[in-house]
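Structure record follows, encoded as structure tokens.
The values are calculated or read from the model by the stated rules, or taken from the named source; none is laboratory data. No experiment lies behind these values; they were computed from the predicted model shown. We place every Cβ from the backbone using ideal geometry, glycine too, and count neighbours over all the protein chains shown. Side chains are part of the model used for accessible areas, which takes the heavy atoms of the whole protein and leaves out ligands, DNA and RNA. Shrake-Rupley method; radii C 1.70, N 1.55, O 1.52, S 1.80 Å.
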Amino acid sequence: MIEFRYLSKVYDRGIRALNNITLKIERGEFVFLVGLSGAGKTTFLRMIYADERPTSGFVYVAGKDVGNIPRRNIPYLRRQIGIVFQDFKLLYSKTVFENVAFALRVIGTKEAEVYKRTLKALNIVELTQKKSCFPYELSGGEQQRVAIARAIINDPPILLSDEPTGNLDAQLTNGIINLFLNANEQGTTVIIATHDLELARRYGGRIIHIANGEIL
Ligand SMILES: Nc1ncnc2c1ncn2[C@@H]1O[C@H](COP(=O)(O)OP(=O)(O)O)[C@@H](O)[C@H]1O
Ligand SMILES: [Mg+2]
């Protein structure tokens, strides 16, 4: 499903964020990518959704050479991938409902379908009651769940999440990870980047350790 081959990423100023990474993540795996701040986790995820291109080596997603993907094909790639960003990237002038519905609207989904699927996603993250709120009216944990609802609304085969539990208490963390586990039970390949090794150990699944841009 996802494969890195001899992949390195060197940013401007010569910072080597990923160094010669070769690994495979199979369809349906539940993976924690664990490493300290600066280890290269976010860069690793960015390779998968073509937010940055590798400096050398390859990344394949569902058989496609994503490192060399033509710009015009990137939207199609992203439709396969639900992404929960570390800083959520919500649209702050739009309601919870509209934030979640957005991904369906941009692909021209019919209104009745948008309504049905958005409510279903909001129900999964238990935010139905807040559908008319704006993001600034929500707690951090609630904003996080809006971001998750938006990421799962298209039933993408791949779900990426960057430090989803950064500043949540244990109970909220458990709820969030369970949402990812449920998606995984439906067949979604899940990758969660985290600095929290204990968290990764608690939930089972595969742990990929990353340090200084290298897989250990
Ligand atoms: N856009 C960028 N430009 C230059 N350097 C970057 C950029 N993004 C990340 N880096 C550097 O790459 C290294 C890995 O960063 P990152 O992938 O964000 O790690 P993590 O998510 O594990 O904290 C760090 O040294 C970081 O400073
Ligand atoms: Mg990061």
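Can you list residue pairs whose Cβ atoms sit under 7 Å apart, with the first residue in region 42-59 being farther than 19 Å from His195 by Cβ and part of a loop (DSSP other than H, G, I, E, B) and the second being more than 8 Å from ligand 1 (Cβ to nearest atom) and open to solvent by 30 Å² or more (accessible area, probe 1.4 Å)? Count only pairs 6 or more apart in sequence or on different chains.
Final answer for the pair search is Tyr49/Arg78; Thr55/Val10.
If only one of Gln144, Gln80 is within 16 Å of ligand 2 (Cβ to nearest atom), under 20 Å from the mean Cα position of the chain (by Cα) and polar (S, T, N, Q), which one is it?
Gln144
Would you confirm whether or not region 29-52 contains a residue that is of a type in the set (Asp, Glu), within 16 Å of ligand 2 (Cβ to nearest atom) and more than 12 Å from Phe4 (Cβ to Cβ)?
Yes, there is a match, as at least one residue in region 29-52 is of a type in the set (Asp, Glu), within 16 Å of ligand 2 (Cβ to nearest atom) and more than 12 Å from Phe4 (Cβ to Cβ).
Only one residue in Ala211, Ala193 is within 15 Å of the chain's Cα centre (by Cα), open to solvent by less than 40 Å² (accessible area, probe 1.4 Å) and not basic (Lys, Arg). Which one?
Unique residue meeting the criteria: Ala193.
Which of the residues belonging to region 18-28 are open to solvent by 10 Å² or more (accessible area, probe 1.4 Å) and under 25 Å from Asn73 (Cα atoms)?
Across region 18-28, the qualifying residues are Thr22, Leu23, Lys24, Glu26, Arg27, Gly28.
Considering only region 1-11, I want to know if a residue exists there that is over 18 Å from the mean Cα position of the chain (by Cα), surrounded by fewer than 22 Cβ atoms within 10 Å (Cβ to Cβ) and near ligand 1 (Cβ under 10 Å from one of its atoms).
Yes, region 1-11 contains at least one residue that is over 18 Å from the mean Cα position of the chain (by Cα), surrounded by fewer than 22 Cβ atoms within 10 Å (Cβ to Cβ) and near ligand 1 (Cβ under 10 Å from one of its atoms).
Name the pairs: first residue in region 1-27 and part of a loop (DSSP other than H, G, I, E, B), second residue of a type in the set (Gly, Ala, Ser) and open to solvent by less than 80 Å² (accessible area, probe 1.4 Å), Cβ to Cβ under 6 Å, at least 6 apart or on different chains?
If the second residue must be of a type in the set (Gly, Ala, Ser) and open to solvent by less than 80 Å² (accessible area, probe 1.4 Å), the pairs left are Tyr11/Ala17.
Failed condition for Thr43, given (1) open to solvent by less than 30 Å² (accessible area, probe 1.4 Å); (2) away from ligand 1 (no atom under 12 Å from the Cβ), with all others met?
Status for Thr43: all satisfied but (2).
Mind telling me which of the residues Asn178, Asn123, Asn184, Asn174 ends up being under 19 Å from Phe32 (Cβ atoms) and exposed (fewer than 14 other Cβ atoms within 10 Å of the Cβ)?
None of the others qualify; the one that does is Asn178.
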